1. Of everything in the range 93-119 that's within 20 Å of E22 (Cβ to Cβ) and of a type in the set (D, E), which residue is most open to solvent (accessible area, probe 1.4 Å)?
2. Would you point out which residue out of T50, T81 is modelled with pLDDT of 95 or more, in contact with a Pro (Cβ under 8 Å, 6 or more places away or on another chain) and open to solvent by 20 Å² or more (accessible area, probe 1.4 Å)?
3. Take the residues of the range 132-180 that are over 16 Å from the mean Cα position of the chain (by Cα) and charged (D, E, K, R): which is farthest from F25 (Cα to Cα)?
4. Checking K155 against (1) closer than 23 Å to R48 by Cβ; (2) modelled with pLDDT of 95 or more; (3) out of contact with any Asp or Glu (no Cβ under 9 Å at 6 or more places or on another chain): exactly one of these is not met. Which one?
5. Which residue pairs have Cβ atoms closer than 7 Å, lie 6 or more positions apart in sequence or on different chains, and pair a first residue in the range 49-77 that is on the phi < 0 side of the Ramachandran plot and of a type in the set (F, W, Y) with a second residue that is open to solvent by 10 Å² or more (accessible area, probe 1.4 Å) and not in a helix (DSSP H, G or I)?
6. How many residues, within the range 48-75, are within 28 Å of D156 (Cβ to Cβ) and in a helix (DSSP H, G or I)?
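The values are calculated or read from the model by the stated rules, or taken from the named source; none is laboratory data. All values derive from a computational prediction rather than experimental measurement. Virtual Cβ from ideal backbone geometry, glycine too; neighbours counted across all protein chains shown. Calculation scope for accessible area: heavy atoms of the full protein, side chains included, ligands and nucleic acids excluded. Shrake-Rupley method; radii C 1.70, N 1.55, O 1.52, S 1.80 Å.
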Amino acid sequence: MTKDITKITPYNSEATKKSQVEDMFDNIAPKYDLLNHVLSMKIDVLWRNTLVNWMKKDSPQEVLDVATGTGDLAIAVEKGTGSKVIGLDLSQQMLNVGVIKIKKLKLDGKISMQKGDAENLPFEDNRFDAVSVAFGVRNFENLTKGLAELRRVVKDNKSVYILEFSKVEGFMAPFYMFYFKNILPAIGRLVSKDNRAYTYLPDSVNAFPFGEKMRQILLDTGFKKVEYKKLSLGIATIYKATK
């Protein structure tokens, strides 16, 4: 039986999921980029570039990158499309790392970073030419509300691009799940010093809808067309949801 994604939280505490997710990313921010690239063997870079290449066809001028973290996707979007990018995240510590990275790349004139809540976006309706989220919707406290907000701020006939973990299917599935549930959390705990953050990752991925289920949720949210691409045998999926 699949668990309710809203009930999967980083820490066993009375705090809301949103508050726990913010605390978790604040805790792991200094080591986040290192762990991300090591644990994915840098395949995550290819995944982001695939999303950007898909988005590029829309020729966006202004993009909102939600759950931007340390800004990896925001940077890839700016480099790939030349658009102005606003990166938004709950975690101030993740944003602080991102701001330093963006300044080093001399992109602070093109990418701005701000603290904010994906489920209550501080932007007017129909503002952006595209909206992106990489590995963030899984952490929404209220998935439907968060997706509705993404739809609200993108322009009519424009798209929201979501990159999220899914599940490997077929003969590779047992090997991948062993790595994902045992080896990955052990490395994450060792490097980040956070005992729960990298156990929460496989727990939340296992509970998250993917493929046709996620496509239907996006359609039910009001998007008129939803396409998706599986990446790396299904480890991750990109969804393009058009308003």
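1. Per the criteria, the residue is D117.
2. Details: T50 fails: in contact with a Pro (Cβ under 8 Å, 6 or more places away or on another chain).
Step by step, each of T50, T81 is checked, and only T81 is modelled with pLDDT of 95 or more, in contact with a Pro (Cβ under 8 Å, 6 or more places away or on another chain) and open to solvent by 20 Å² or more (accessible area, probe 1.4 Å).
3. Only one residue tops the list, namely D156.
4. For K155, the exception is condition (3).
5. W54/K240
6. 12
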